[in-house]
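Below: the structure, in structure tokens.
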Amino acid sequence: MAIPNGWFYWAVLSAIFAALTAIFAKIGIQGVDSDLATLIRTAIIIIVLSVFVAYTGKWSNPLELSSKTWLFLGLSGLATGASWVCYFRALKIGDASKVAPVDKLSLVLVAVFAFTFLGERPSLRDWSGIAMVAGGVLLLAFRR
């Protein structure tokens, strides 16, 4: 089996941090409105990323970005915000072990949207794995 390029390691770290996000949020959201909790989380992210970008010297003038970049980063930001609001509301009323797997249905949707809008063509093997993820999400979400 071939070892994936560098993206794989960043993706695994992303998965680890996403899992910690669910656990930390479930603990932190107790006794707090979910929308306020989302705002606090977002403010912390803005501060941390601002320090990171400044520290690593990656700052550039955002006004020099193309209108297409602004449009799609703006849409991505709106989708992220909507996702976080929905996720925190689900965590507020549901078990993290049930909410997180349903949230991972996004994996399946990314494959479908990438096929539809980006022209990506997953192999039959890839689609089989995507179908198994979907089945796993349904199995975990609707367990008795």
Taking only the Cα positions of the stretch 87-144, the convex hull volume per residue in Å³ is 73
Only helices counted: for the chain, with every DSSP H run of 4 or more residues adding -39500 (n - 2.57) and the sum spread over all residues, [θ] at 222 nm is -26000 deg cm²/dmol
For the stretch 75-85, in residue order, the Karplus 3J(HN,Hα) values (coefficients 6.51, -1.76, 1.60; θ = phi - 60°; whole Hz; Gly and Pro = x) are 4, 4, x, 5, 5, 4, x, 4, 4, 5, 4
Karplus-derived 3J(HN,Hα) from phi for the stretch 129-136 (6.51 cos²θ - 1.76 cosθ + 1.60, θ = phi - 60°), whole Hz, x at Gly and Pro, runs x, 4, 5, 5, 4, 4, x, x
Options (i) 1.04; (ii) 0.99; (iii) 1.15 for Rg/Rh (Cα atoms, Kirkwood Rh); the value derived from the coordinates is listed as (ii)
Sparse-neighbourhood loop hits (chymotrypsin sites (Phe, Trp or Tyr not before Pro), the stretch 51-117; DSSP loop; Cβ within 10 Å at most 16 others) -> Trp59
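Any read-out appearing in this document is the output of simple, stated calculations on the displayed coordinates, not a laboratory observation. Nothing here was measured: the structure is a model prediction, and the numbers come from that model. Methodologically, a virtual Cβ is constructed for each residue, glycine included, from the backbone with ideal geometry; neighbour enumeration extends over all protein chains shown.
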